[in-house]
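As structure tokens, the structure follows; a few thoughts come after it.
The values are calculated or read from the model by the stated rules, or taken from the named source; none is laboratory data. Computed from a predicted structure; not experimentally measured. Here the Cβ positions follow ideal geometry from the backbone for every residue, glycine too, while neighbour counts run over all protein chains shown. All accessible areas refer to the heavy atoms of the entire protein, side chains included, with ligands and DNA or RNA removed. Shrake-Rupley method; radii C 1.70, N 1.55, O 1.52, S 1.80 Å.
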Amino acid sequence: MTISWKDEVAKRKDAFLEDLQTMLRVNSVRDDEHATADAPVGPGPKKALETFLSIAERDGFETKNIDNLAGRVSFGEGDETLGIIAHVDVVPVDDQWETDPFEPVIKDGKIYARGASDDKGPGMAAYYALKMIKELDLPVSKKVHFIVGTDEESEWQGINRYFETEPLPDFGFSPDADFPIINGEKGIYTTALKFPVGDGTLKSFEGGQRDNMVPGAAEAVISGVSLADAEAKAKAFNDAQPAKMSVEETADGLKVVSKGKVSHGAFPENGINAATYLAAFLRQLSDELADNSFLRFVEERLHESTDGKKLGINYHDETMGDLSANPGVFKQADGEITILLNCRVPAGITFEEIEEIIDKAAEAYHFTRETPAGNQEPHYVSPEDPLVQTLLDVYEEHTGEKGYEQVIGGGTYGRLLERGVAFGAQLPGAEDTMHQPNEYEPIDTLLLAMGIYADAIYRLIK
């Protein structure tokens, strides 16, 4: 039986875009402040999960909701199970958006909204691929579990709860990264570095939203510096540096605001870290600020060092590439400033070795380290695995481009399975707007991905 996947996709374009926009309208940022027993990671992620499952129920699928933290759509029968694992939560937004991030806008062939590329767009393309196979009544010999989590962008509480009670698929993919394929993912290591605030001229320092995002904004309150002097130095700094400083007088002291550029924390070199630039600027304002151990550490060990070299944790692996380091959150509370340092770690260096190096810096700069549970080791699936070969074959046939293996610093649900990879939907060379303001995905890319996913799923389960 010959199937024109392209033609089948075209028949479903309007319905797909309608359902995708329904999903994109849900503000599904994790919201611990409003979390309840019934909505463990907040009302938005719960609503997104319920919306997705209701779409699947409408389409005649069997569904299951696991404690409003994760869900499953089931299809087919057989002894083996293909897992397709996506997420319905999104990262926070900032004031740099040109449109409402939760009211999708289609312009110039692109759909703009938070989640359009990460991961509601690709996730819905993969769901529609499965729906297509069901509607065509194609014969299958394996089961499919389409699984969605609700806090992939933070602690993976949802997907971890899912696998406490539900079966692990035998193999699968996550539609949450790049084509041709992601068969390797660096380890993800986050640690908290805690500095005492003290009674000096640095009154406060905060920046960043999530440890897996480069801070696009940061601010500090200081004393002992005149407004005129700070403004003059800000002008000189702004003329020379990519981050921009502004200064204003407040009742608490002089407030300095830094504006940089947000990017995905797995690729910190693509962003402009507003917080580290703020530290570098503040040290120019007075001798006391220059000597502050927190500011010294940030400038001397973290600033403009996305490979971790200044801290001494840089490492290169021939297959997985370089370690990356992103100081993503700077938060002040209870007399401490905490830095959440997020590293993407290739095979060959252990988390314990990284901690030994950081702890030596802690002695010199007078801070303490607390490393939470949940850090993830590197993950790799051989390019000789039949799963990888099948997915690359499908990619090549649909695009006419040569497939090849890739390793990324980003972490996807693909790493949950021993034979798990990430597969699309970002095309090689395309602009990556994940975790950034004005996130978008070309509609043609999503439609192409839908056809690729349908063909791949069918080959894997027929």
Restricting the search to region 288-339, which residues are touching a helix residue (DSSP H, G or I) at 6+ places or on another chain (Cβ under 9 Å), hydroxyl-bearing (S, T, Y) and closer than 17 Å to D359 by Cα? S293
For region 439-459, state whether one or more residues are under 23 Å from K131 (Cβ atoms) and assigned to a loop (DSSP other than H, G, I, E, B). no
Of all residues in region 363-373 being touching a residue at least 60 places away in the same chain (Cβ under 8 Å) and open to solvent by 60 Å² or more (accessible area, probe 1.4 Å), the one that is nearest to V298 (Cα to Cα): H366
Between a first residue in region 439-461 that is on the phi > 0 side of the Ramachandran plot and among the charged types (D, E, K, R) and a second residue that is surrounded by 22 or more Cβ atoms within 10 Å (Cβ to Cβ) and at pLDDT below 95, which pairs have beta carbons less than 8 Å apart while being 6 or more apart in sequence or on different chains? none
Answer with yes or no whether I85 is at pLDDT 95 or above and within 21 Å of R161 (Cβ to Cβ). yes
Of all residues in region 389-414, which are open to solvent by 10 Å² or more (accessible area, probe 1.4 Å) and under 14 Å from the mean Cα position of the chain (by Cα)? I408, G411
Does region 260-275 hold any residues that are at pLDDT 95 or above and either buried (at least 19 other Cβ atoms within 10 Å of the Cβ) or among the small types (G, A, S) (or both), and which are they? G260, P268, G271, I272, N273, A274, A275
Let me spell it out: the conditions are (1) assigned to a helix (DSSP H, G or I); (2) open to solvent by 80 Å² or more (accessible area, probe 1.4 Å), and T51 meets all of them except one. Which number is the exception? (2)
Of (1) of a type in the set (V, I, T); (2) surrounded by fewer than 17 Cβ atoms within 10 Å (Cβ to Cβ); (3) in contact (Cβ under 8 Å) with a residue 12 or more places away in the chain, V93 satisfies every one except (2)
Quick check on my filter: what residues within region 415-462 are open to solvent by 30 Å² or more (accessible area, probe 1.4 Å) and among the small types (G, A, S)? G429, A430
Just give me the residues in region 194-225 being closer than 21 Å to D291 by Cα, modelled with pLDDT under 95 and of a type in the set (A, V, I, L, M), in sequence order. V197
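Does region 27-43 hold any residues that are in contact (Cβ under 8 Å) with a residue 24 or more places away in the chain, open to solvent by 10 Å² or more (accessible area, probe 1.4 Å) and not charged (D, E, K, R), and which are they?
So the first thing to find is which residues in region 27-43 are in contact (Cβ under 8 Å) with a residue 24 or more places away in the chain, and the list is 27-30, 38-41.
Next, from what is left, pick out any that are open to solvent by 10 Å² or more (accessible area, probe 1.4 Å): 27, 29-30, 38, 40.
Residues satisfying the conditions are N27, V29, P40.
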Hey, among the residues in region 54-72 that are in a loop (DSSP other than H, G, I, E, B) and within 18 Å of I159 (Cβ to Cβ), which one's most open to solvent (accessible area, probe 1.4 Å)? D67
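Among the candidates F171, F163, single out the residue that is more than 18 Å from M450 (Cβ to Cβ) and surrounded by fewer than 19 Cβ atoms within 10 Å (Cβ to Cβ).
None of the others qualify; the one that does is F163.
Keeping to region 301-325, report how many residues are part of a strand (DSSP E or B) and within 18 Å of F195 (Cβ to Cβ). Step through it out loud before you land on a result.
Step one: filter region 301-325 for residues part of a strand (DSSP E or B), giving 316-317, 321-322, 324-325.
Subsequent filtering for residues that are within 18 Å of F195 (Cβ to Cβ) retains 325.
Number of matching residues: 1.
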